[in-house]
1. Could you give the nm distance between label points at L171 and W196, where each point is 7 Å from its Cα heading toward the beta carbon?
2. Considering Cα pairs under 8 angstrom that are at least six residues apart, work out the relative contact order of the chain and quote it in whole percent.
3. Quick check on the chain: helices-only [θ] at 222 nm, where DSSP H runs of length 4 and up contribute -39,500 (n - 2.57) each and the sum goes over total residues. Nearest 500, please.
4. Stretched out fully, how many nm does the piece from L182 to T51 gain, at 0.36 nm a residue minus the Cα gap?
5. Roughly how many debye, to the nearest 20, is the charge dipole of the chain about its Cα centre, given +1 on each Lys and Arg Cβ, -1 on each Asp and Glu Cβ, and no other charges?
6. Net charge within 12 Å of A152 by Cβ-Cβ distance, Lys/Arg positive one each and Asp/Glu negative one each, not counting A152 itself?
7. Going from the alpha-carbon gyration tensor of the chain, what semi-axes, largest first and in whole Å, does one get by taking the root of 5 times each eigenvalue?
8. Going Cα to Cα from K154, which aspartates and glutamates come in below 19 Å? Please leave out same-chain ones fewer than 8 positions away.
Amino acid sequence: MTRPKPGVRATKTAQTRARMLAAARELFAERGYTATSMQAIATQGGVAVQTLYFTFETKRAILKELLDVEVAGDDAPVATLDRPWVAEALAAPPPELLRRLAEATADIHARVAPLLEVVRSAAATDPEIAELWRTNITQRHTVLAVFTGALAAKNALRADLNALRAADTALAVLAPETYHLLTRHRGWSDPVWADWAARTLIDTLLARPE
């Protein structure tokens, strides 16, 4: 029997992994994390449950990988702060920096906000998911602190703010809960939300010209 070439095998493995992740994403959004079983994910993904366990080991690992992929928009092993758009935003004048941050956040939330709502809901009853939720908040704050640190370095922050307090404010304004509330429940479009978030951050964080 002819064995598949390594490149063909790797492509098939990647496709199977993506299919399992897509199945998990759909079921988590439809049923919630707790009510979705590994067997259900395997069935939806068209694989044996043993294959699912061999690939991910746990349901939490699936959820974590989904978060990583959805935030990035791809499965490339590149951290958020190493993405080209971050460097471009950090180099921009303060108002433009915040506008680019808001627009990038809208793009990310469009992909990940439904999944983060799954995580937030499950965190109330599942200690492991609660830890994942806390880690996500910490990661978001870490990224935002880089942006507000850049504003501080440009002497652009209000006099009563330091970089960390400004990052706290940005964390609240750009929270997925806020995005979900205004876009899903109040019908705002992503551009409208991004414009509101940018203007709110500019008005709240930046020193006013004298």
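Here, each number is a calculation from the coordinates, and none is a lab measurement. Keep in mind the model is a prediction, meaning the values are calculated, not measured. In this analysis, Cβ positions are derived from the backbone assuming ideal geometry, glycine residues included, and neighbour counts consider all displayed protein chains.
1. The answer from the label model is 2.2 nm.
2. Working: 188 pairs, mean separation 41.5, N = 210.
Once normalised by length, the contact order is 20 percent.
3. Values: 10 runs with 151 residues, N = 210.
That calculation yields -23500 deg cm²/dmol at 222 nm.
4. Numbers: separation 131, 0.36 × 131 = 47.16 nm, distance 3.93 nm.
Stretched fully, the L182-T51 segment lengthens by 43.2 nm.
5. Using Cβ point charges on Lys, Arg, Asp and Glu, the chain gives about 580 debye.
6. Surrounding charge for A152 is +3.
7. Square roots of five times the eigenvalues give 37, 19, 14 Å.
8. E88, E96, D168, D203, E210
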